[in-house]
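Taken together, the values in this text are just the output of simple stated rules run on the coordinates, not laboratory data. Fair warning: this is a prediction, and the values are worked out from it, not measured in the lab. Cβ: placed from backbone, ideal geometry, glycine included. Neighbour counts: every protein chain shown.
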Amino acid sequence: MTTGSTLRITPLTKAIGAEVGGIDLREPLPDEAFDALQQALLRHQVLFLRDQPLSDAQHLDFARRFGPLTIHPTSRAKGTGAHVEFIEDDEQSPPKATRWHSDLTWLPVPPKIGILSARLLPETGGDTMWSSLTAAYRALSLPMRERVEGLIALHDAGEQFFRGAELAAGKEIADVLRATVSQTTEHPLVVRHPDTGEKVLYFSAATITKIVGLHPAESRMWLDFFWSLVDRAEHCVRWRWRVDDLAIWDERCTLHVALPDHYPARRVMRRCTVDPEIGPRA
Ligand code: SIN
């Protein structure tokens, strides 16, 4: 059985990412081993576990250990209330999560944890990358940090989300989403991680449309600069998937991007996210 002391945590870079061995999530996971995993997640922000051939139910049961599961707005629009989502790319439905983002940041209370399992992979390509937003904050000089604190960003689901929903779930569902979801939210650009207390540059390139109160050109200048911090190789980790790999990441301090370099080949991932008690706070 997995225990805290059988877990092997191997960091992949200094800023972000660790591979976890000595764990089989099909077996009961004692609290002490789960706590060790949570601590590793707080330290490394994204964890990768090889060889976890979980059923949908086992995937969700494990995720529930972190908190209540998110009902994705698309599942809500479909009326299924399902917690599990399948991200399926093929020729007709090209990869969608192809810009740096954290999931659903345009909601007032976005998810806190994401858990992704590789179900069917292309022969080549289809990696996912994560970038650390605490590293992005730490890369700012002190005067720059002072300038950024207090700024507010407008997060917008954007047409890309609705087009993606249309490809994945059809026009009818996309129209329900357009009519029912709250599509924009304001969040501070610098937030404190609720568990570690660390400061995070809370930037989601795919969904932030402007910085509130700035002229459009000023806003663009800041957003381009933040993007350059997220893109820095030393802030990122890239995962080359094998079937049955599981990734667990902290949505509150990372961005991720699914590389579309396998298109038009088929790729299927199973995902769920976990909700926090409160939304992002400065
Ligand atoms: C996601 O954006 O959560 C999916 C990432 C992926 O498919 O690799």
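Run the reach check for K78 against lysines, Cα to Cα strictly under 27 Å, same-chain hits fewer than 8 apart removed. What comes back?
Those lysines meeting the cut-off are K96, K112, K171.
Select from the range 183-275 those trypsin sites (Lys or Arg not before Pro) which occupy a DSSP coil region and have at most 15 other Cβ atoms within 10 Å, ordered by residue number.
Listed in order of number, the matching sites are R232, R240, R242, R266.
Using Cα pairs closer than 8 Å and at least 6 residues apart in sequence, work out the relative contact order for the chain, in percent.
Numbers: 587 pairs, mean separation 100.3, N = 282.
Relative CO of the chain lands at 36 percent.
With a point put 7 Å past each Cα toward its Cβ, work out how far T6 is from M221 in nm, to one decimal.
Placing both labels 7 Å beyond Cα along the Cβ direction yields 5.7 nm.
Apply the Karplus parameterisation 6.51 cos²θ - 1.76 cosθ + 1.60, with θ equal to phi minus 60°, to every residue of the range 128-144 and state each ³J(HN,Hα) to the nearest whole Hz, in sequence, with x for glycine and proline.
Coupling constants for the range 128-144: 10, 10, 10, 10, 8, 8, 6, 5, 4, 5, 5, 6, 7, 5, 4, x, 5 Hz.
Place a label point 7 angstrom from the Cα of T196 along the Cα-to-Cβ direction, then list the residues of the range 134-156 whose backbone nitrogen is under 11 Å away.
134-138
Among the aspartates and glutamates, which fall within straight-line cross-link reach of K14, defined as a Cα-Cα distance under 19 Å, with same-chain neighbours fewer than 8 residues apart omitted?
E198, D231, E234, D250, E251
Given that compact globular proteins tend to follow 2.2 N^0.38 Å, what is the ratio of the alpha-carbon Rg of the range 5-89 to that value?
On the way: Rg = 14.7 Å, N = 85, 2.2 N^0.38 = 11.9 Å.
Compared with the compact-globule rule of thumb, the range 5-89 sits at 1.24.
Would you kindly state the longest site-free stretch of the chain, with sites defined as GluC sites (Glu not before Pro) in a DSSP loop (not H, G, I, E, B) surrounded by at most 16 other Cβ atoms within 10 Å? Intermediate values should be presented prior to the final figure.
Details: sites that count: E91, E123, E149, E198, E277.
The longest uninterrupted stretch comes out as 1-90.
Please report Rg (one decimal) and Dmax (integer) in Å for the Cα set of the range 197-274.
Answer for the range 197-274, Rg first and Dmax second: 15.7, 47 Å.
In whole Å, what three semi-axes, largest first, describe the equivalent ellipsoid of the chain built from its Cα gyration tensor (square root of 5 times each eigenvalue)? Don't skip to the end; give the middle numbers.
Details: eigenvalues 155, 117, 64 Å².
They are 28, 24, 18 Å, listed from largest to smallest.
Note down the magnitude of the dipole of the chain about its Cα centre, charges +1 on Lys and Arg C-beta and -1 on Asp and Glu C-beta and zero elsewhere, to the nearest 20 debye. Mind showing how you got there, number by number?
Numbers: 33 positive and 38 negative charges, 89 e Å.
Computed charge dipole of the chain: roughly 420 debye.
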